[in-house]
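Participant: Have a look at this one.
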Amino acid sequence: MSTQAIPTAAGARTAVAVAPAKRRDEGRAGWGLAAPFLLFYLLFLIGPTLYGVIMSFFNSSLQHSGLGGFAGANNYSQALTSSDFWSAMWHTVLFTLLTTPPLVVIALVLAIFTDRLARGRWFFRLVFFAPYVVPSAAMALVWTWLYTPQIGLWDKWLSAVGITSPPNWLADPNWAMVSVALATVWWTLGFNFVLYLAGLQEIPRSLYEAASVDGATRWQQMRRITIPLLRRTTGLVLVLQIIASLKIFDQIFLMTSGGPNYSTRPLLEYVYDIGFTDFRTGYAAAASMLYFLVILAVSLVWFFASRSQRKGA
Amino acid sequence: MGTDSHSLSRRNLLRGAGLIGLGGLITGCGSGFVTGLAGVGAPKNTLSYWNLLGGGDGVRMIAMENAYQQAHESVALNAVVLSWGNPYYTKLSLATLGNKPPDVAISHLTRASILARAGLLEPLNPGELAPFGLTGGNFTPRAWDMAHTDGTLYAIPLDTHPLVMYYRTDVAKKAGLLDSSGNLKNLDSPDALTAALTAAKKVTGAYGGVVSINNDSATPWRVFSTLYYQLGGSVLANDGQDIVLDDAKAEKVLTFIQDLIAKRGLLPSSVDYGGATTMFSTGKAGFYFEGDWEITTFETTKSPFSMTAFPNVFGGTYAVQADSHSFVLPRDPARTDARRQEIFRFIRSMLDQSSTWAQGGHIPAWLPFQTSAAYDKLKPASNYKGVANHVRYDDRAWYSGSGSDFENIMGFAIAAVAAGQMSPAAAISDMRSKLALYANTKSPV
């Protein structure tokens, strides 16, 4: 997207005179400029990924160099029949289900609210976005304190409004995931909020003026103008959010270590545990390949959905 | 409009960024960035030393390193501290596999045996150690024994760090738990310990004792395994291929733990590591159960406290869970004999500073200091020195040891029992099914 935008903006004066040869030169310059990045991309992403694919078919160990003995599809069959693998997969999905709807809906509501403000918009933009810039380690530390039984602020606030036996946030297997999800919603809401706010500002004001001249209520304007015109933003927010939620590791690792008794361990922590703690890097590679397929499936669904949407529009 | 000023500021920005980057590269030259890229090792007289010691231990270790450095000016000591657990042991393994190992490194004895099995440590030969005084007779026998894997010595123990019992002297006094000379009464039975915790609870008005449970699998494992070992139990045998958990003994211990915590509320059922130390230092609990290393925390908070050996609750042969820090030589085919001697001199210098090290609560493995009057005077740290030869390390397996998934599996289930979320019987079957996966997996080591 941006590679297209830059030459058209900068070369507006000379656009007519550009010869095919010059265009080729520019193409070469483009590749040249991208080369350092491509090199890193190849070295640190494509290369390791391919190595990971190969490793997943071997009994590779962190304690030995080389790939180790050939394992065929053993690592895959072991992962697919392991109850730990599936419970970790479920925790990842559960976290995604718990965080995605609020992170989309609340972000939209707050964006609409902020967009309507006549003044002081910058303040709310700052307030809602600020938590997003906090590092995960700091966020986890603060929320762990908030959730601390008896002396934590949540328990204080809840007892002030009459709830004297609050849940045992991070230590109760039934509440731990909800508690982490709650903290995550507060933490990452700002990103979706900013995307929605940008989407809202793209909608021409004249549409609303025309609608109100025609006697449409605020609610009708929202349903018939705002939400339909935000469809592409919503699609983007949704897929970015699902992928971000599926990537859950930091907060859970820091706040519960996957506990109590493994009730929150997400797939990435399972991969971390078997790869780094148990040295079984081959098996860990197989588990992460299976997880990669899940993310790939989500991305493909979005890809085809947004393509048909574009065709329809 | 304004494009000039825009492009100018952008250019300035890029220029600034470039300068910063270049600056980083130049300073990087000095710190091994370029030498690393070029594949050239550090200068010959550098002794690289990796450890995982943070907090008070880290401060004391740096003091010991400085003393060594001052006494050995011809050697440039390059100490690297990495955060303990996986981050440390992973890097140690990978650096060794990549033929860029440190000259000497700290390892827990339970982990040293795994590294040794993987062929990542150099065997140590008694003949070359003798000139430095690094002989079996100078070390805690139990630790020296654990430093051997398959009959070969791979590590030089620095200390033993057992689970111990901390108690607040003010609470114990009010609760009538001190004898006429001011020492804690004998608590060597389930009833005596329960009664003491009950009495302490009356004094504090909150809890009798405290132990870390939430988001912590190691501490519950330390407490459980100590009581279980006192009943004579083992968990793994045959290098981890067999699970020999004794259900009756495990159930007895788990029931006792659940009774104290979830049922009687003598200890809080939901508290994390930091919360536990805070409750003890602020006097909301009279007893605290943890490894000996929290001594620094309570000395800093100026809490009126003392420490003693974990009681022999079940009255069998005394046993308590522990691990040890030790020095190991990661495998390096290029290491010369002269280099090895330099390393042994360094290790000896560290051991000679055991008086500094022992302030951190660990029982020094170096007998010349451990048996000295100076150590006796170091209170409360020397109160429990007698346990050094009665400690139990994790049963050997490729998946056991400090920071391992063995401790996680056991600790998580124990914590669930302590918090009243799981019955002892359910926890035991949970442990068995999870451990079976490891026992049946071919060792990756």
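Participant: Could you tell me what fraction of 2.2 N^0.38 Å the Cα radius of gyration of the protein assembly as shown comes to, as a two-decimal ratio?
Facilitator: My calculation over the Cα atoms of the protein assembly as shown gives 1.12.
Participant: Right, another one. Using a Förster distance of 30 angstrom, determine the FRET efficiency expected from the C-beta separation of residue B:145 and residue B:174, and round it to 0.05.
Facilitator: That pair, residue B:145 with residue B:174, gives E of 0.10.
Participant: Can you report the principal axis dimensions of the range A:83-312 using only the alpha carbons, biggest first, rounded to whole angstrom?
Facilitator: Reported extents, whole Å, longest axis first: 66, 50, 26.
Participant: When only Cα pairs under 8 Å and 6 or more residues apart are kept, what is the percent relative contact order across chain A?
Facilitator: Relative contact order of chain A: 28 percent.
Participant: Here is a further query. Return the ratio Rg/(2.2 N^0.38 Å) for the range B:196-261, where Rg is computed over Cα atoms only.
Facilitator: This ratio for the range B:196-261 stands at 1.36.
Participant: Where in the range A:219-258 does the amide nitrogen come within less than 11 Å of the point 7 Å from the Cα of residue A:211, taken along Cα to Cβ?
Facilitator: Only A:219-230 fall inside the zone, counting backbone N under 11 Å.
Participant: Which whole-Hz ³J(HN,Hα) couplings does the range A:115-124 yield from phi under the Karplus relation 6.51 cos²θ - 1.76 cosθ + 1.60, θ = phi - 60°, glycine and proline marked x?
Facilitator: 5, 6, 5, 7, 9, x, 4, 4, 5, 5
Participant: Using the Kirkwood radius over C-alpha pairs as Rh, can you work out the diffusion coefficient of the range B:252-380 via Stokes-Einstein at 25 °C, viscosity 0.890 mPa s, in µm² per second?
Facilitator: After rounding, the answer is 135 µm²/s.
Participant: When only DSSP loop residues count, what trypsin sites (Lys or Arg not before Pro) in the range B:293-343 have their Cβ near at most 16 other Cβ atoms within 10 Å?
Facilitator: Details: sites: B:302, B:331, B:335, B:339, B:340; in loops: B:302, B:331, B:335.
In loop regions of the range B:293-343 (DSSP not H, G, I, E or B), the sparsely surrounded trypsin sites (Lys or Arg not before Pro) are B:302, B:335.
Participant: Separate question: Please list, in chain and number order, the residues 5+ apart from residue B:47 or on another chain whose amide H is under 5 Å from its amide H, with Hs placed from the backbone.
Facilitator: Long-range HN contacts for residue B:47: B:76, B:77, B:78.
Participant: Also: Quick check of the Kirkwood formula: for the range B:71-157, what is the inverse mean of 1/r over all pairs of different Cα atoms, in Å?
Facilitator: For the range B:71-157, inverting the mean 1/r across all distinct Cα pairs yields 14.3 Å.
Participant: Give me the compactness ratio for the range B:318-445, meaning the Cα radius of gyration over 2.2 N^0.38 Å. Spell out each step's value before the answer.
Facilitator: Details: Rg = 20.0 Å, N = 128, 2.2 N^0.38 = 13.9 Å.
For the range B:318-445, the normalised Cα radius of gyration comes out at 1.44.
Participant: Once Rh for the range B:143-227 is found with the Kirkwood sum over Cα pairs, what is the Stokes-Einstein diffusion coefficient at 10 °C and 1.306 mPa s, in µm²/s?
Facilitator: 101 µm²/s
Participant: Which whole-number percent is the relative contact order of chain B (Cα, under 8 Å, 6+ apart)?
Facilitator: Values: 761 pairs, mean separation 105.4, N = 445.
The normalised contact order for chain B reaches 24 percent.
Participant: Three principal axis extents, largest first, for the C-alpha atoms of the range A:170-289, in Å?
Facilitator: Largest first, the range A:170-289 extends 68, 32, 17 Å along its Cα principal axes.
Participant: If you restrict to DSSP beta bridges whose two residues both lie in the protein assembly as shown, what percentage is antiparallel, to the nearest 5?
Facilitator: 65 percent
Participant: Could you tell me what a quarter of the Cα convex hull surface of the range B:189-315 works out to, in nm² with one decimal place? Write down the numbers at each step before the final one.
Facilitator: Values: hull surface 33.1 nm².
For the range B:189-315, the mean projected area of the Cα convex hull comes to 8.3 nm².
Participant: Could I have the simple spin-label model distance between residue A:293 and residue A:218, label points 7 Å from Cα toward Cβ, reported in nm to one decimal?
Facilitator: A separation of 5.0 nm, rounded to one decimal place.
Participant: Okay, next question. Using a simple spin-label model with points 7 Å from Cα along the Cα→Cβ vector, what separation in nm is obtained for residue B:440 and residue B:251?
Facilitator: In this crude label model, residue B:440 to residue B:251 measures out at 2.4 nm.
Participant: What order do you get for A:151, B:213 when you list them from fewest to most C-beta neighbours inside 10 Å? Could the numbers behind the result be given before it?
Facilitator: Values: A:151 14, B:213 29.
The fewest-first ordering by Cβ neighbours comes to A:151, B:213.
Participant: Mark the label point 7 Å from the Cα of residue A:45 along Cα→Cβ and return the residues of the range A:276-313 whose backbone N is within less than 15 Å of it.
Facilitator: Under cut-off, by backbone N: A:296.
Participant: Can you tell me the relative contact order of the range B:116-224? Whole percent, Cα pairs under 8 Å, sequence separation 6 or more.
Facilitator: 16 percent
Participant: Using only the Cα atoms of the range B:344-398, what are the Rg and Dmax in Å?
Facilitator: Radius of gyration, then largest Cα-Cα span, for the range B:344-398: 12.7, 40 Å.
Participant: What FRET efficiency comes out for residue A:229 versus residue B:83 if R0 is 45 angstrom and r is the Cβ-Cβ distance? Round to the nearest 0.05.
Facilitator: 0.35
Participant: How far apart, in nanometres, would the label points at residue A:115 and residue B:189 be if each is projected 7 angstrom from Cα along the Cα-to-Cβ direction?
Facilitator: Each label point lies 7 Å from its Cα, and together they span 7.6 nm.
Participant: For the range B:367-412, what D do you get in µm² per second when you plug the Kirkwood radius from alpha-carbon pairs into Stokes-Einstein at 20 °C and 1.002 mPa s?
Facilitator: Translational diffusion coefficient: 164 µm²/s.
Participant: How much of the calculated P(r) for the range B:232-284 lies past 19 Å, in percent of all Cα pairs?
Facilitator: In whole percent, the long-distance tail amounts to 52.
Participant: Binning at 10 Å from 0, report for chain B what percent of all alpha-carbon pair distances ends up in each bin.
Facilitator: Result, from short to long distances: 4, 19, 28, 23, 14, 7, 3, 1, 0 percent.
Participant: Taking the number of other C-beta atoms within 10 Å as the exposure measure, put B:260, A:38 in order starting with the fewest.
Facilitator: The order, fewest Cβ neighbours first, is A:38, B:260.
Participant: How large is the Rg to Rh ratio of the range A:62-146 when both quantities use alpha carbon positions and Rh follows Kirkwood? List each step's numbers first, then the result.
Facilitator: Values: Rg = 22.0 Å, Rh = 17.7 Å.
Ratio of gyration radius to Kirkwood radius for the range A:62-146: 1.24.
Participant: What is the spread of the Cα atoms of the range A:182-234 along each of their three principal axes, largest first, in whole Å?
Facilitator: 43, 19, 14
Participant: I would also like to ask the following. Which FRET efficiency value, to the nearest 0.05, do you get for residue A:150 and residue A:54 by plugging their Cβ-Cβ distance into 1/(1 + (r/R0)^6) with R0 = 45 Å?
Facilitator: In this case the efficiency is close to 0.30.
Participant: For n ≥ 4 DSSP H runs only, could you compute -39500 (n - 2.57) per run for the protein assembly as shown, divide by its residues and tell me the 222 nm figure to the nearest 500?
Facilitator: Computed ellipticity for the protein assembly as shown at 222 nm equals -17000 deg cm²/dmol.
Rule-based calculations on the coordinates, nothing more; no lab input. If you're wondering where the values come from, they're calculated on a predicted model, not measured in any experiment. Virtual Cβ from ideal backbone geometry, glycine too; neighbours counted across all protein chains shown.
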